[in-house]
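We did not get these values from a lab; they are worked out from the coordinates using the rules stated. Worth saying up front: this structure is predicted, and the values here are computed from it rather than measured. Reconstructed Cβ throughout: ideal geometry from the backbone, glycine too, with neighbour counts over all protein chains shown.
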Amino acid sequence: MLPDADALPGILLDLAVPHEDINELVALRRTLTADAGAMRLLDECVEELVRDIGEVGEAGAGVPLGDRLAEAPATLGSYFAAYVFVAALPHTRAFHRERGVPDDIGRHTLADFGRNMAFHRRQHGTGGVLVPQWLTLHFCGELYQLGRLQFERARLGQRTGRAVAASGTDVTPGEPCLNLHIPGFYGPLSPEACDRSLDSARTFFARHFPQERHRVAVCHSWLLDPQLKRYLDPESNIVRFQERFRPAREPGAEPDRADTDPVRFVFGDPNLPVESLPRRTSVERAVGDHLRAGGHWHLGHGWFPL
């Protein structure tokens, strides 16, 4: 159910929505509720989003949320997704209560909604939700922020599962695992912060999802591209983060090419011209200089036992 105009600002603040977006979301609510077709679409999107809440791999199952959002009236722009997640919020909070998820963890997890909107404004200069499909993980109870890192309840894929099994670890494809994500706007990726986050994850998932035995953590990210070691200090946070992982497969194949990922996460816009990328920090210099030299960045794939 969509909250009324008086309740909406407080709910948006709880979701860490940037202040400059709140008035516009409240004002556009009238446009949404006056459009019977848009309200019908809103209800359908919420129903599809929460239908399999809590089930691993089922977030936003069926027609991708982005395809449904494309049906929204142009007058609502990319804000329509925000109303879908706000309307789904009671379902998410009910699931958290059912699982005993502490309020602060639920709040920090769902604050990624506001972070996503901040990324949208950073990239486009306007309000909206940048990657709605990503947020289905949060609102369907699959992903939780525990300190510096985010942890997604997932299952080992075939290639990663085979790599883990080949190491002698008694884990096979399809078994539960935790997929690590590194949120932006959250300070340094220090070893100490990661250690605390991992300790929290071991306790959290054993307590709140005891039916799932998570024996390995995995990560698929440009931050695991070993080429970064050519440019960064061996004691840098990124290199030390990489060293936690055992390779699941060698990066470098065409499907793993991810030139725009570091540009988006480091500079805020994946479409920035490479020749003009700033060189203010060691990471900025690494990303830009490598691309300017004709190199490519790739997704790295790693795992380690929990």
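Worth a mention:
- Those residues of the range 111-127 whose amide nitrogen sits under 15 Å from the label point placed on residue 260, 7 Å along Cα→Cβ: 120, 123-124
- Multiplying the residue separation of residue 134 and residue 14 by 0.36 nm and removing their Cα-Cα distance gives an extension gain of 41.3 nm.
- With a cut-off of 15 Å between beta carbons, the residues surrounding residue 170 carry a summed charge of +2, where Lys and Arg count +1 and Asp and Glu -1.
- For the range 78-185: rounded, prolate or oblate by the Cα gyration tensor [a/c cutoff 1.5]: prolate
- Helices in the chain, meaning DSSP H runs of at least 4 residues, each add -39500 (n - 2.57). Divided by all residues, the mean residue ellipticity at 222 nm is -14000 deg cm²/dmol.
- Projecting label points 7 angstrom from Cα along Cα→Cβ for residue 7 and residue 35 puts them 2.3 nm apart.
- The range 175-190 - phi-based ³J(HN,Hα) in whole Hz, Karplus 6.51/-1.76/1.60, Gly and Pro as x: 7, x, 8, 10, 8, 7, 10, 10, x, x, 6, 9, x, x, 8, 6
- Extension reserve of the residue 98-residue 71 stretch, reckoned as 0.36 nm per residue once the Cα distance is removed: 6.4 nm
- For the range 1-145, the relative contact order works out to 34 percent when only alpha carbon pairs closer than 8 Å and six or more residues apart are counted.
- Cα gyration tensor shape for the range 34-131, rounded if a/c is under 1.5, else prolate or oblate: oblate
- Whether the chain is rounded, prolate or oblate, judged on the alpha carbon gyration tensor where a/c under 1.5 counts as rounded: oblate
- Around the amide H of residue 155, modelled in the peptide plane, lie the amide H atoms of 177, all under 5 Å away and 5 or more residues distant in sequence or on another chain.
- Phi-based couplings in Hz for the range 43-49 (Karplus 6.51, -1.76, 1.60; Gly and Pro marked x): 4, 5, 5, 5, 4, 5, 5
- Trypsin sites (Lys or Arg not before Pro) within the range 225-301: DSSP coil, no more than 10 neighbouring Cβ in 10 Å: 280
- Angle in degrees between helix 19-33 and the longest Cα principal axis of the chain, rounded to the nearest 10: 50 degrees
- Part-to-part distance (alpha-carbon centres) for the range 82-116 and the range 262-301, which is given in Å: 33 Å
- 5 angstrom amide H check on residue 167, placed H, neighbours 5+ away: none
- Nonlocal amide H pairs with residue 246, under 5 Å, H built at 1.01 Å: 303, 304
- Take every pair of alpha-carbon atoms less than 8 Å apart whose residues are at least six positions apart; their mean separation over the length of the chain yields a relative contact order of 15 percent.
- The phi torsions of the range 267-282, fed into the Karplus equation with coefficients 6.51, -1.76 and 1.60 and a -60° offset, translate into couplings of 10, x, 8, x, 9, 5, x, 4, 5, 9, 5, x, 10, 7, 10, 4 Hz, rounded to whole numbers, with Gly and Pro shown as x.
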